[in-house]
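Working notes for the structure below.
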Amino acid sequence: QVQLVESGGGLVQAGDSLRLSCAASGSIWSINTMGWYRQAPGKQRELVATITRGGSANYADSVKGRFTISRDNAKNTVYLQMNSLKPEDTAVYYCLSQGTSLTYWGHGTQVTVSS
């Protein structure tokens with residue numbers, strides 16, 4: 001199994017920045033892709049960004065140019081740098097890890113952007 005612990009959420013104003021972190025432990029050898037999804041109240045969970053072990057990144061159109069995902073394989077940690085935050089970025093942000101057949105989720109961290 002893989003355990004994921006997120007940190008870095010909070011309450012900010014529109015235009016501010018936040019950096020989320022997600023540290024993985026357990027069967028880390030099985031992880032290929034790590035990333036972030038988010039879920040706003042009353043909405044489905046949606047992709048924010050993912051990154052493979054080799055560093056190939058994928059972003060949702062809504063965050064391209066504002067968010068940057070990165071990964072430190074030595075620390076088994078994935079980061080999400082969020083700049084120019086908007087009120088519509090308000091959501092619970094969930095970290096995930098994907099291996100060949102299993103996906104694990106963190107418990108989530110709240111990001112609230114006030115206008």
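The values are calculated or read from the model by the stated rules, or taken from the named source; none is laboratory data. Treat the numbers as computed from the prediction; the structure is a model and nothing was measured. Cβ: placed from backbone, ideal geometry, glycine included. Neighbour counts: every protein chain shown. Remember, those area values only see protein heavy atoms, side chains included, never the ligands or the DNA or RNA. Shrake-Rupley method; radii C 1.70, N 1.55, O 1.52, S 1.80 Å.
Before moving on, here are some points about what is shown:
- Accessible surface of the chain, 1.4 Å probe, proportion on carbon and sulfur as whole %: 47 percent
- Residues in the chain average 53 Å² of solvent-accessible surface per residue, probe 1.4 Å, ligands and nucleic acids excluded.
- Basic side chains Lys and Arg get +1 at the Cβ, acidic Asp and Glu get -1 at the Cβ, and with that the dipole of the stretch 25-87 about its Cα centre reaches some 120 debye.
- Extending 7 Å from the Cα toward the beta-carbon at both residue 27 and residue 5 defines two label points whose distance is 2.1 nm.
- Relative contact order computed over the chain (Cα-Cα under 8 Å; 6+ residues apart), in percent: 37 percent
- In summary, the aspartates and glutamates within cross-link reach of residue 86, defined as a Cα separation below 15 angstrom excluding same-chain residues under 8 places away, comprise 16, 61.
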